Amino acid sequence: MTTESQPSDSDLEKARQVLALLGVSPEALVASQPARPAREVPTFTDWVPVVSGLVGEGTRKLYSTYWNKLVALWPQRRLDELPASDLTWLFGHVRQTGVRRRNWRGGHSAAEHMFSATRCLYKFAVDDGLITAAQDPTRKVKKPKRAVPTRRGLNNMVLEAITAAASTTGDDPALDALLIRLHVETAARRGGALALTLDDLDREQCLVRLHEKGELSRWQPVSPTLMTHLVDHAHHRGAREPTSKVLRYHNGKPLTYRRYDGLWERLREHVEPVRTQNISTHWLRHTTLKWAERNFGEAVARAYAGHRPNTDSKTGAIAIYVKADLEEVATALAALTGEPHPLAADTPTELFDNGD
């Protein structure tokens, strides 16, 4: 390895003499250095594939539809050529033209996702030095308002009706009953259930590893009964390798989101509140977490949900110190299912031993 030596005083004097003979000052020489060429600002067509390859699978799946809209609208427009007024128009356009499904609530969710997807593109561009923060138009527009959520916890009567209909109708009632119980016990999102592999089942401690929103993973307690059904279901439908998916169709193929769509379409025919209130899988998550909060407190409910403690405020910082552990979640689960769990505590432990 070689190092660059510092010029001696005599060398510097010779350089000054040469510059004097040429009539060039040292200051003019420095000022005449060619500027480093700036990187060309990419177009949406160029930039979307780059960012798509940098984000996680969940983010890519959520934002790809909205990124495609940007490319379709402005394929050759550079990132620094989009004014804030065009973005404001875009959010309103997306809100008005969104697909009107059963859960449509004025298009607010679509506009919010469009904003977040666009901001994601610009954040990477700013971080890479392609544009300055002042050139980011998403900083100059208001984030679309979020619609008031309509999901809530279900009462026992509706939950029992859903469970009964799932386990007695359709072409695979055993699978559908397993799905309902899995989501009720774990409060998992659909993606977490679909991602389950054999390697995510801890049979001894009755835990499943959920891979969910934000590329986060966590171990979640399940009842011994549910663990037995998960293992048997996977085995009988061809899962053999550690990376084999647990949830499968009759033909052995891994489950997809389409199974959930078909399940709730069928439940709408048998359970009136499912049809009138547009109940979906996420309502089961609300049901379990509401029960956990009411019976075991906010810290346990937050841990049950897999949420990180909120430390954005002074009052939220205390959540780091009082967050619930896995044993407390297991204790709540045991109360929910009426089954003992290997990690559940029978009684609260004393902080200090008084020697009694």
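The values are calculated or read from the model by the stated rules, or taken from the named source; none is laboratory data. In this text, all values refer to a predicted model and were calculated from it rather than measured experimentally. Every residue, glycine among them, receives a Cβ derived from its backbone with ideal geometry; neighbour counts consider all protein chains shown.
Quick notes on this one:
- Checking Arg209 against (1) touching an Asp or Glu at 6+ places or on another chain (Cβ under 6 Å); (2) crowded, with 18+ Cβ neighbours inside 10 Å, the condition it does not meet: (2)
- For first residues located in the range 120-139 and farther than 24 Å from Gly58 by Cβ and in contact (Cβ under 8 Å) with a residue 24 or more places away in the chain, partners that are part of a helix (DSSP H, G or I) and of a type in the set (D, E, K, R) and lie 6+ apart or on another chain with Cβ distances below 6 Å form the pairs Ile131/Asp80; Gln135/Asp80.
- Long-range neighbours under 8 Å by Cβ, at least six apart or interchain, first residue of a type in the set (A, V, I, L, M) within the range 290-308, second part of a loop (DSSP other than H, G, I, E, B): Ala292/Ala187; Ala299/Lys323; Ala299/Ala324; Val300/Ala324; Ala303/Lys323; Ala303/Ala324; Ala303/Asp325; Ala305/Ala187
- Glu215 vs. criteria at pLDDT 95 or above and assigned by TED's automatic domain parsing to the domain that holds Ile279: no
- Residue within the range 341-354 that is over 27 Å from Gly153 (Cβ atoms), at pLDDT below 90 and not in a loop (DSSP other than H, G, I, E, B) present: no
- Cβ-Cβ contacts under 6 Å between residues 6 or more apart (or on different chains), taken from a first residue in the range 316-337 that is over 10 Å from Val300 (Cα atoms) to a second residue that is assigned to a helix (DSSP H, G or I) and modelled with pLDDT of 95 or more, are absent.
- Check on Arg181, free of Cβ contacts under 8 Å to residues at least 12 places away in the same chain and among the basic types (Lys, Arg): no
- Count of the range 113-143 residues, restricted to those that are part of a helix (DSSP H, G or I) and on the phi > 0 side of the Ramachandran plot, is 0.
- Note on the range 1-98: enclosed helices (runs of 4 or more DSSP H) holding 3 or more residues that are among the charged types (D, E, K, R) and either farther than 18 Å from Pro137 by Cβ or at pLDDT 90 or above (or both) are 9-22, 57-73.
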